[in-house]
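Asker: One structure follows; several queries about it will come next.
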Amino acid sequence: MQVQTKKSNYTNYTPEEYLELEEKADFKSEYRNGKIIPMTGGTTNHNKIAGNFYAFLKFALKGSNYDIYIGDVRLWISKYRQYTYPDVMVIQGEAEYTGTSSTTVMNPCLIVEVLSKSTQNYDQGDKFLYYRSIPELKEYILIDQYEYRVMQYVKTAEGKWILTEIEGKSAVLDLQTIEFKIDFSELYEKVNFAESEE
């Protein structure tokens with residue numbers, strides 16, 4: 001069901017108008033500098049991969065100074081006026097919120113996105129540009145849901161981003177900014193690539 005608005009499709013929305021509409025909506029949307037973009041539904045494999053990463057990381061970081069969030073926590077990127085919902089986010093220390101609500105954060109040190117055919121170009125292009133403007137962000141992980149493949153971007157002390165591609169069923173993802181490793185057999189547990197068609 002679509003949210004009814006009084007504005008035309010050509011009118012920009014303020015962040016406040018977006019948040020008001022989002023509060024009442026039956027589905028999630030992103031906010032991109034005045035435009036409201038409905039989010040597409042994810043596949044079961046997308047959900048399994050994000051859930052596997054979250055579960056293994058949550059268990060590994062138990063008792064540490066990190067908080068892990070999945071899917072429903074919104075991220076505000078002030079430089080580019082973007083509200084978005086990363087698949088998984090990690091915050092070291094205290095979360096920084098926008099306003100008085102605890103629904104929107106601003107300071108992840110790690111973001112994970114599971115790639116889909118409809119969003120992979122955006123996730124690797126403009127969205128990564130927006131994410132790089134977050135001062136606390138040090139690592140960005142893109143997980144392919146169609147084959148055993150992960151792209152790992154790590155920010156160096158000089159502010160450069162280095163890409164490492166990891167492929168193959170027996171591979172291991174070793175985070176560089178948080179002490180955590182996950183075998184692809186765990187990351188892709190119960191994922192059936194034959195079901196990955198969107």
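Asker: Looking only at Cα atoms, what is the convex hull volume of the chain per residue, in Å³?
Answerer: Spread over its residues, the Cα hull of the chain gives 128 Å³ apiece.
Asker: Wrap a convex hull around the Cα atoms of the stretch 28-145, take a quarter of its surface area, and give that in square nanometres. Before the final figure, lay out the partial values.
Answerer: Working: hull surface 28.6 nm².
Its average projected convex-hull area is 7.1 nm².
Asker: A further question on this structure: Could you size up the charge dipole of the chain around its Cα centre, putting +1 on the beta carbon of Lys and Arg and -1 on that of Asp and Glu, and report it in debye to the nearest 20?
Answerer: On the way: 22 positive and 30 negative charges, 86 e Å.
My answer is approximately 420 debye.
Asker: Let me ask you something else. List, in the order given, every pair from LYS58/LYS79; LYS35/LYS62; LYS48/LYS169; LYS24/LYS138 whose Cα-Cα distance in the structure shown is over 27 Å.
Answerer: Pairs exceeding the cut-off: LYS58/LYS79; LYS35/LYS62; LYS24/LYS138.
Asker: For LEU115, what residues show an amide H to amide H distance below 5 Å, using hydrogens built from the backbone and excluding near sequence neighbours?
Answerer: Amide H neighbours of LEU115: ILE143, ASP144, GLN145.
Asker: Compute for the stretch 108-183: radius of gyration divided by Kirkwood radius, i.e. Rg/Rh, restricted to C-alpha atoms, rounded to two decimals.
Answerer: Reported Rg/Rh, Kirkwood definition of Rh: 0.95.
Asker: Which order do the peptides 83-92, 49-58 come out in when sorted by mean C-beta neighbours inside 10 angstrom, highest first?
Answerer: Per-residue mean Cβ counts within 10 Å order the peptides as 83-92, 49-58.
Asker: I've got another one for you. Read phi for every residue in the stretch 122-139 and hand back ³J(HN,Hα) as whole Hz from Karplus 6.51 cos²θ - 1.76 cosθ + 1.60, θ = phi - 60°, with x for Gly and Pro.
Answerer: In residue order, the calculated couplings are 5, 4, 8, x, 4, 4, 5, 4, 4, 4, 5, 7, 7, x, 6, 5, 10, 8 Hz.
Asker: Mind listing the long-range amide H neighbours of PHE180? Cut-off is under 5 Å, sequence gap 5 or more, other chains count too, H placed in the peptide plane at 1.01 Å from N.
Answerer: LEU175
Asker: Quick check: the distance between the Cα centres of the stretch 151-183 and the stretch 36-70, to the nearest angstrom?
Answerer: 17 Å
Asker: With n ≥ 4 as the cut-off for DSSP H runs, can you work out [θ] at 222 nm for the chain, using -39500 (n - 2.57) per run divided by the number of residues, rounded to the nearest 500?
Answerer: -6000 deg cm²/dmol
Every read-out reported here was derived from the displayed coordinates using simple, explicitly stated rules and does not represent laboratory data. Source: prediction; values computed, not measured. So basically every Cβ, Gly included, is an ideal-geometry build from the backbone, and we count neighbours across all protein chains shown.
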